[in-house]
Each structure stands twice: as structure tokens, then as C-alpha cells.
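Data block below; observations after.
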Amino acid sequence: MPDQFVASTMNIMLRWARRIAIFLLLGAIVNVAFAWGCALPRRRHWSNGAPLPSDEQTRWWRANCPEGVVDTPDEVHVTHDMGYEAVAMSAQSQAVAAGSDVIRVSAGWPLISMTGEHWSVMQCTGDHVFPIGQVAVVPRGLWVFRRPTGHGYDQIYHIPLEPIWGGFLLNAIGYGLAIWLCVAIPAFFTRWHRTRWHRCIACGYPRGTSPVCTECGEPLPSPSDRARSR
Ligand SMILES: [Zn+2]
């Protein structure tokens, strides 16, 4: 008897673990779809002028820039929107031989959950800002693709691929829970309705006096079982 109890408890726990894993996975898929959906249609609207990067932005640049890049950016533009943030920084206007710029795109809703950045290193004319050629491109978790518009320029899309784990998990749990509710609420009402009208819970066939359903063979709880479970 205790063995049976342990086995059935294990079974129930396994079933719940599997259920939770499936809904978390579905939640994660919806989360990625939302994040990419937030990132796709955006046109960045850069602020005018050339604002200086903050100390924090400069620290981020220094911690992440590829080798050989100037260690102080001198321009930053930020686009902030629902479920979307893009930060573009550059170090081109310094009197250096190699300028550089980066775009970092983060997206996700309700929490920002995916990010990625793309560095390009430019050869400059030495004493001025004008880039004369791109010497290196360093993508990190950012998929960049271009779509010709037919107007002589390309629409550029930035799709972030790297998860930001805190936001990613919370979003996935939220979406997973929402999907689970969409499945569980109708199932609950079907079950309630079939019990109420003395039907087999598994297939909805009216029950007679047999202890198993005559349609699908499911065991049918006796009225006293049902009274106890109520
Ligand atoms: Zn049945």
C-alpha cells in the first residue's frame, strides 16, 4: 500500500513537471516571438545633435568594444519605445585612424528579454571623421538583415538573439501561465458540466450503472466518490 502511494505520488509529480515544462517552453516561444515582433518594425528616430555618452554608457563601451577600438565614444543616440530600446554610439569624430560604432538593440514585452550588439570598425582619414572603409564587423547576438525598399536604400532590421535571463524567465512564466489558463478554464468547465449531467468525464457519453464507461472504457467514479471529492 505505501509503495502504491509513493508510485502514484511520483506519477502525479512527473505529470505536473511535464506540464510545467511544456507550458514554460510555450511561454518561452511566445516571449521570443513578442521580442522579435517588437524589434522588427522599428525605425530608429535618433535625437538631433550629438549628445555625449553618459559615464555608464562609456563604461559599457570600454568593457565590450573589440580590440583596437578607441576607448572613448563621443556620440550617443537612444531610441526608447514600448518593448524596444536601441542605443547607438560612435567614436568617429576623434582624430584617430580607426573610428568605430556600435548599435545595441534590446527588445521584449512586458520586460526587455533579448539583446544583441553589432560593432563596426572604420578606417578614417586620420585627422577627420570621414570613414574611408569598413575594416571589421563584430556582431554579438544581433542578426542584421537588409531589405531593399526599391527607393534606393535598404531597410535595415536588427534582431536581438541573446537572452537577458531575468526578463526572459519572468516573461516566459507569465506567457506560459496565460496559455495554461486558456487551456485549463475550458477543460474545467467541460469536466464540471459532464459531472453535473452524469456523463463520462473522458468522452461525455451518458453513464449507466456500469463502473466503466460503455463508450470509451474509462473507469467512472461512483456517486459516493464524487460526493467525497466535492
Ligand atoms: Zn467515456
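Here, each number is a calculation from the coordinates, and none is a lab measurement. All values derive from a computational prediction rather than experimental measurement. Neighbour counts are summed over all protein chains in view; Cβ atoms, including those assigned to glycine, are modelled from backbone coordinates with ideal geometry.
Can you give the net charge of the other residues whose Cβ lies under 13 Å from the Cβ of GLU117, counting K and R as +1 and D and E as -1?
In short, -1.
Work through the residues other than ASP71 whose Cβ is under 12 Å from its Cβ and net out their charges, Lys, Arg +1 and Asp, Glu -1.
Once all neighbours under 12 Å are counted, the net charge is 0.
Just add up the charged neighbours of PRO53: K/R +1, D/E -1, any other residue whose Cβ is under 14 Å from the Cβ of PRO53.
Taking every Cβ under 14 Å from that of PRO53, the sum is -3.
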